[in-house]
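Asks: The structure follows.
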Amino acid sequence: MTVIDSNVTIAIDRGGTFTDVIFKHGDTEETFKLLSVDPSNYKDANIEGIRRVLEKITGKTIPRGEKLDTKCVSSIRLGTTVATNALLERKGANCALVTTKGFKDLLHIGDQSRPDLFALNIVKGGVLFKDVVEADERVTMPAFLVDPNQYDAQDLINGENFVLGETKEVFQILKPLDTEKFEKDLQKLKDNGIESIAIVFIHGYNYQVHEKLAGKIAEKIGFKNISLSHEILPVIKAVSRGQSTVVDAYLTPIVKDYIKSFLSGFKDDFEDYTRIEFMQSDGGLCSWKKFTGLRSLL
């Protein structure tokens, strides 16, 4: 990989009306503002902002539409509300929930939390997914497990239906994943226009084998996005884990399309010189390759 000396850094915050750009070059720091949407002049405000910075730094005219050469830029950091807007406006991807058989209504029912404790008419928000597939699989924790420190878990695995989870606790496989039926059900989803799925199995946060296997089957079928709950939010509570995974499945295709459109404005070797990062929901930064729907949500 060829890397050249560069000391230009660019940070961009794209809002609904204006896009703010700040860039540093040596000891110089400058800011400017441009319209976030101005189709008569440019397609993308982020690319336009970077183009103007490069013109300023290089002293050369760069025509609009020409792929940008970022050899002199060490980093580009972006903040965007594209996922938040898509969620608020309900303009996410067509997605489906894939969960353990018997739990298709899990996210419809939710839990007992309520914003107004004494309201007589409680109206719940609708779900984001268009369809549900119930996978014929079931994993549980045997009733004799109380304290994993009181026994040697390996000694309990004396049959093929007892397995260790990620935390070395013992789980019992009541029903292995029926892969043949599962593949047919997923193919129906794909044929019906579903492009993104959220896979949320009971105990999937710890015993992850079934979710990983389901993910491989979905990948073979060709879904645009596959969100696995043990990767998105590996916590014990199935409702919160499921809600977060569905949000990720709903928004990630939108985010990926946004990033693809943005990166198309650069020359193909931009990664050799420039680090591109997006601001996450926790205020931190992550590489554009790891930026997903849930991470981008404000």
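The values are calculated or read from the model by the stated rules, or taken from the named source; none is laboratory data. Here the structure is a predicted model, which means the values were calculated and not measured. All Cβ positions, even for glycine, are placed from backbone atoms using ideal geometry, and neighbour counts span all protein chains on display. In case anyone asks, the SASA skips ligands and DNA or RNA and just uses the protein heavy atoms, side chains included. Shrake-Rupley method; radii C 1.70, N 1.55, O 1.52, S 1.80 Å.
Asks: Using 0.36 nm per residue of separation minus the Cα-Cα distance, give me the extension gain between LYS216 and LYS67 in nm, one decimal.
Replies: The LYS216-LYS67 span can extend by a further 50.0 nm.
Asks: Could you compute the net charge surrounding SER287? Neighbours are other residues with a C-beta less than 13 Å from the C-beta of SER287; K and R count +1, D and E count -1.
Replies: +3
Asks: Return the FRET efficiency for the residue pair ASN7, SER287: r is the Cβ-Cβ distance, R0 is 22 Å, and the value is rounded to the nearest 0.05. Kindly include the intermediate steps, with their values, before the conclusion.
Replies: Numbers: r = 21 Å, r/R0 = 0.94.
That pair, ASN7 with SER287, gives E of 0.60.
Asks: Accessible area per residue, 1.4 Å probe, Å², for the chain: what's the number?
Replies: On the way: 16530 Å² over 298 residues.
Per-residue accessible area for the chain comes out at 55 Å².
Asks: Right, another one. Which one, [x] 66, 45, 32; [y] 72, 51, 41; [z] 66, 40, 39, gives Cα extents along the principal axes in Å as derived from the coordinates shown?
Replies: Structure-derived value, by its label: [y].
Asks: Amide H of GLN280 versus every other amide H placed in the peptide plane: which residues, excluding those fewer than 5 positions away on the same chain, fall under 5 Å?
Replies: Here the answer is LEU285, CYS286, since their amide H atoms fall under 5 Å of that of GLN280.
Asks: Take peptides 30-40, 67-77 and line them up by average Cβ neighbours within 10 Å, highest first, as a rough protection proxy.
Replies: Descending packing order for the listed peptides: 67-77, 30-40.
Asks: Would you calculate the convex hull of the Cα atoms in the range 1-95 and tell me its volume per residue in Å³?
Replies: Convex hull of Cα atoms, per residue: 139 Å³.
Asks: What is the distance, in nm, between label points placed 7 Å from the Cα along the Cα-to-Cβ direction at ASP38 and at LEU263?
Replies: 2.7 nm
Asks: Send over the per residue convex hull volume for the range 206-274, Cα only, as a whole number of Å³.
Replies: Details: hull volume 9.0 nm³, N = 69.
In the range 206-274, the Cα convex hull volume per residue is 131 Å³.
Asks: Let me ask something additional. Could you order the peptides 240-251, 112-123, 91-102 from most to least packed, using the average number of other C-beta atoms within 10 Å per residue?
Replies: Going by the mean number of other Cβ atoms within 10 Å, highest first, we get 240-251, 91-102, 112-123.
Asks: Step through the table entries LYS168/LYS212; LYS104/LYS260; LYS91/LYS237, compare each Cα-Cα distance with 22 Å, and write down the pairs that go over it.
Replies: LYS104/LYS260; LYS91/LYS237
Asks: Next question, about the same structure. How far, in nm, would the chain grow between GLU166 and ASN85 when pulled straight, counting 0.36 nm per residue and subtracting the alpha carbon separation?
Replies: 25.6 nm
Asks: Continuing with this model, one more query. Quick check on the chain: helices-only [θ] at 222 nm, where DSSP H runs of length 4 and up contribute -39,500 (n - 2.57) each and the sum goes over total residues. Nearest 500, please.
Replies: That calculation yields -8500 deg cm²/dmol at 222 nm.
Asks: Report relative contact order for the range 1-150 in percent, whole number only (criteria: Cα-Cα under 8 Å, sequence separation at least 6).
Replies: Across the range 1-150, relative contact order equals 21 percent.
Asks: Same structure again: Round to a whole number: what % of the accessible area of the range 204-298 belongs to carbon and sulfur, probe 1.4 Å? Numbers along the way, then the final one.
Replies: Working: 2320 of 4320 Å².
Exposed carbon and sulfur together represent 54 percent of the surface.
Asks: Another question, if that's okay. Could you estimate the translational diffusion coefficient of the range 47-151 from the Stokes-Einstein equation, with Rh from the Kirkwood formula over C-alpha pairs, at 20 °C and 1.002 mPa s, in whole µm²/s?
Replies: The estimated diffusion coefficient comes to 105 µm²/s.
Asks: Mind grabbing the base-10 log of I(q)/I(0) for the range 257-298 at q = 0.15, 0.32, 0.34 Å⁻¹? Debye formula, identical points on the C-alpha positions, no solvent, two decimal places.
Replies: -0.39, -1.16, -1.22
Asks: If you don't mind, there's one more thing I want to ask. Let me check against my output: what whole-number percent is the relative contact order of the chain, with C-alpha pairs under 8 Å and at least 6 apart?
Replies: Normalised by residue count, the contact order of the chain is 22 percent.
Asks: Would you list HIS203, HIS108 from the most to the least accessible area, probe 1.4 Å?
Replies: Sorted descending by solvent-accessible area, the residues read HIS108, HIS203.
Asks: A follow-up question, please. Calculate what fraction, in whole %, of the accessible area of the range 4-131 sits on carbon and sulfur atoms when a 1.4 Å probe is rolled over the protein chains.
Replies: That share works out to 51 percent.
Asks: Taking springs between alpha-carbon atoms closer than 10 angstrom, which of ILE50, ILE259, ILE109 fluctuates most in the Gaussian network model of the chain?
Replies: Highest fluctuation among the options: ILE109.
Asks: Once you treat every alpha carbon in the range 175-298 as an equal point and sum by Debye, what is log10 I(q)/I(0) at q = 0.18, 0.23 Å⁻¹?
Replies: So the normalised log intensities work out to -1.01, -1.32.
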